[in-house]
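Have a look at the structure below, then the notes.
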Amino acid sequence: MKCPFCREGDFAVVDSRSHRGGFPIRRKRLCNHCKRRVLTVEHVEEVPLKVIKKDESREPFDPAKLRRGLERACYKRPVSTEQIETIVRQVENDIYAEYFSEVPVTVIGELVMDYLKKLDQVAYVRFASVYREFTDVGDFVEEIEPMLAEEKSGNRPRRK
């Protein structure tokens with residue numbers, strides 16, 4: 001940022017203050033060249049994240065929708081509300097770390113399945129059956145076979 005008075009120097013931040021939840025941020029700045037002080041007010045402009053659906057339509061990313069899907073998959077399973085909230089936060093963090101304005105729904109679904117697979121296998125299969133649109137028992141078998149192979153090889157402890 002150039003000085004509005006001399007148009008020569010850059011500003012050094014002397015003091016920063018945020019108000020009520022961090023918005024807006026007020027900064028006192030000092031020009032390195034003419035030594036004049038300026039007060040700036042900064043607002044964070046957030047770009048809403050859009051989800052690219054399978055039919056190429058777009059809709060706003062909604063963590064509540066993700067939470068509802070997880071709750072349905074985890075219905076009558078030993079999965080707490082805190083664990084569901086943790087998955088929602090982890091997926092949200094992963095998405096915002098990699099994508100700026102649009103994210104394919106396939107990325108969200110795969111992230112959720114990765115987290116569910118580690119948490120609860122039954123919830124994972126329930127979620128996968130809806131997400132991957134299983135049409136018959138063969139689809140379920142294809143999804144479960146790799147998990148059974150992992151248990152037999154000793155890579156994953158068998159649940160009772």
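In the set Arg36, Arg67, Arg27, Arg58, only one residue is out of contact with any Phe, Trp or Tyr (no Cβ under 8 Å at 6 or more places or on another chain), farther than 25 Å from Asn93 by Cα and not aromatic (Phe, Trp, Tyr); that residue is Arg27.
Does segment 19-41 include one or more residues that are at pLDDT 80 or above, part of a loop (DSSP other than H, G, I, E, B) and within 30 Å of Val125 (Cα to Cα)? So far as segment 19-41 goes, no, none of its residues is at pLDDT 80 or above, part of a loop (DSSP other than H, G, I, E, B) and within 30 Å of Val125 (Cα to Cα). From the list Leu39, Leu30, the lone residue that is farther than 30 Å from Glu133 by Cβ and exposed (fewer than 15 other Cβ atoms within 10 Å of the Cβ) is Leu39. Among the residues examined, Ile87 does not qualify as surrounded by 11 or more Cβ atoms within 10 Å (Cβ to Cβ), in contact with a Pro (Cβ under 7 Å, 6 or more places away or on another chain) and among the aliphatic types (A, V, I, L, M).
Every residue, every condition in (1) surrounded by 15 or more Cβ atoms within 10 Å (Cβ to Cβ); (2) without any contact (Cβ under 8 Å) to a residue 12 or more places away in the chain; (3) not in a helix (DSSP H, G or I), yes or no:
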| residue | (1), (2), (3) |
| --- | --- |
| Val44 | no, no, yes |
| Lys65 | no, yes, no |
| Tyr96 | no, no, no |
| Val103 | yes, no, yes |
| Glu142 | no, yes, no |
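Does Phe61 satisfy the condition of being among the aromatic types (Phe, Trp, Tyr), outside the structural domain of Val103 (by TED's automatic domain parsing) and surrounded by 11 or more Cβ atoms within 10 Å (Cβ to Cβ)? Spelling it out, it is not the case that Phe61 is among the aromatic types (Phe, Trp, Tyr), outside the structural domain of Val103 (by TED's automatic domain parsing) and surrounded by 11 or more Cβ atoms within 10 Å (Cβ to Cβ). Pairs linking a residue in segment 108-125 that is within 14 Å of Ser80 (Cα to Cα) and in the same structural domain as Ile95 (by TED's automatic domain parsing) to a residue that is in a helix (DSSP H, G or I) and among the aromatic types (Phe, Trp, Tyr), with Cβ atoms under 8 Å and 6 or more positions apart or on different chains, are Leu116/Tyr124; Leu116/Phe127. Within segment 103-115, the set of residues being over 12 Å from the mean Cα position of the chain (by Cα) and closer than 23 Å to Glu45 by Cα comprises just one member, Pro104.
The values are calculated or read from the model by the stated rules, or taken from the named source; none is laboratory data. Because the structure is a prediction, the values reported are computed rather than measured. As a convention, Cβ positions derive from the backbone with ideal geometry for all residues, glycine included, and neighbour counts pool all protein chains shown.
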